[in-house]
1. Tell me the relative contact order for region 40-166 as a rounded percent, counting alpha carbon contacts under 8 Å between residues six or more apart.
2. Asp114 versus Leu97, label points 7 Å from Cα toward the beta carbon: distance in nm?
3. Report Rg(Cα)/(2.2 N^0.38 Å) for region 38-121, keeping two decimals.
4. What list of ³J(HN,Hα) values in whole Hz, one per residue of region 96-106 in order, does the Karplus curve 6.51 cos²θ - 1.76 cosθ + 1.60 (θ = phi - 60°) give from phi, with Gly and Pro shown as x?
5. With a point put 7 Å past each Cα toward its Cβ, work out how far Phe158 is from Thr123 in nm, to one decimal.
6. Relative contact order for region 90-163: what is it in percent, counting Cα pairs under 8 Å that are at least 6 residues apart?
7. Per residue of region 83-93, what does 6.51 cos²θ - 1.76 cosθ + 1.60 with θ = phi - 60° give for ³J(HN,Hα)? Whole Hz please, x for Gly and Pro, Karplus curve as stated.
8. Quick one: the Cα spread of region 115-193 along its three principal axes, in angstroms, biggest first?
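Rule-based calculations on the coordinates, nothing more; no lab input. Not measured: the values here are computed from a predicted model. Here the Cβ positions follow ideal geometry from the backbone for every residue, glycine too, while neighbour counts run over all protein chains shown.
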Amino acid sequence: MIRRIRMAGLILLATTSVFSTLASAHEVAPGQLLYGVDRAKITGIAADHEPFALDQTVRLAIEVEMLPGMHVNANPPTFDWMIPVEVSVEGVEGISLVEAFYPEPVSVKFPYDDEPYLVYEDTFVLGLILGIAEDIPIGGRELQVVLDYQACNDEACFAPTDTSIKMPIMMVADVDQSREISSPLIDRAPFPR
């Protein structure tokens, strides 16, 4: 029993030592080492029509904020083996993602490679075109937008994960009941002009 306690103590000490060394050697913020930390988060969502109408196309924009010092691979990524950021929609049968528009990436050189990588960092906005089927029941729903990503810093990449945001929507039968609304977030989205 005492051996098990000593062994557990040694393992805990070694693990703490490794994380402490990593944090100081690579200047990684403590939150970047913790399991379950959102290194990217969807901080805003907006649609260009309200309510949604059957058999309609709607533009949606989401704002994504990265933790300081973090980035995600652009879509499309620099190399095929990289995991790009990717957006999808869930939660309402009959609403589908027709097309996603990703922002212009920045080209960044990292210490571990001679080639620059195309990435998104800080805060960026994505645009989505949603198709609304003609046979969805009218009434209130909750649409979920999911962002799949692999966050990286200057030293390493973390396990692929996702973040999401829910948006309450109202479905109406007649497109004349849906009105176009302006939104600064929609204006910032990288839709073709």
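1. Rounded, it is 33 percent for region 40-166.
2. Computed distance between label sites Asp114 and Leu97 equals 3.6 nm.
3. 1.33
4. Taking θ as phi minus 60°, the curve returns 10, 7, 7, 7, 10, 10, 9, x, 5, x, 9 Hz for region 96-106.
5. 2.0 nm
6. For region 90-163, the relative contact order is 34 percent.
7. Each residue of region 83-93 in turn: 9, x, 6, 8, 10, 8, 10, 9, x, 10, 5 Hz.
8. 52, 29, 18
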